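Presented below is the structure to which this report refers.
Every number here is computed from the coordinates shown, using simple stated rules; none is lab data. Since this is a predicted model, take the numbers as computed values, not measurements. All Cβ positions, glycine included, derive from the backbone under ideal geometry; neighbour counts span all protein chains shown.
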């Protein structure tokens, strides 16, 4: 039976944490390992919604959720892959002390590359918003035309 393992990918935003964790997750699954992937951008909010007023406190609660879930999965002999900027190192340190099989991987990536990745993501978002806006304008014009035709009758 496989023994649990936690691999925490950390680094600046857009440094490749999610991409690398997805690739490793896929590879491990193909080899038959029981594994789970946690991403600080998505998963914690869908499981335990952090109740806090301040952004920093919500981020801390998200990492607390990730730490709790990863420990639970680890204790059930899963390979746990975490992708998180990891602003609050105390949660990584706590896991490191509690879990013998803990690996932290810090990813570095040049600022220019990270900015380009962020720009590409924002361009896709802007294009989507423009398409939605165009469709809404077409719909509104159709409604105005229908309304004006009804008034002529």
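Given R0 = 22 Å, the distance between the Cβ atoms of residue 41 and residue 97 translates into a calculated FRET efficiency of 0.30.
Please report Rg over Rh for the chain, where both radii come from the alpha carbon positions and Rh follows the Kirkwood definition.
Value, to two decimals: 1.21.
The label-point distance for residue 30 and residue 104, in a model that sets each label 7 Å from Cα toward Cβ, rounds to 3.1 nm. For the range 56-129 versus the range 1-44, the inter-centroid distance based on Cα atoms is 9 Å. In the Gaussian network model of the chain, springs joining C-alpha atoms below 10 Å, which of 101, 65, 135 carries the largest mean-square fluctuation? Among 101, 65, 135, the largest GNM mean-square fluctuation belongs to 135. Here the simple spin-label model places points 7 Å from the Cα toward Cβ, and for residue 145 and residue 89 these points are separated by 6.3 nm. Working from Cα positions, state the angle (0 to 90°, nearest 10) between the long axis of helix 89-98 and the longest principal axis of the chain. Roughly 40 degrees, rounded to the nearest 10. Modelled this way, with points 7 Å down the Cα-to-C-beta line, the labels at residue 56 and residue 126 are 3.2 nm from one another.
Using the alpha-carbon atoms, what tilt in degrees (0 to 90, nearest 10) does helix 55-75 show relative to the longest principal axis of the chain? Result, in degrees: 50.
Given contacts defined as C-alpha pairs under 8 Å and at least six residues apart, what's the relative contact order of the chain, whole-number percent?
Working: 175 pairs, mean separation 57.4, N = 153.
37 percent.
The angle between the Cα long axis of helix 111-152 and the longest principal axis of the Cα atoms of the chain comes to about 30 degrees, rounded to the nearest 10.
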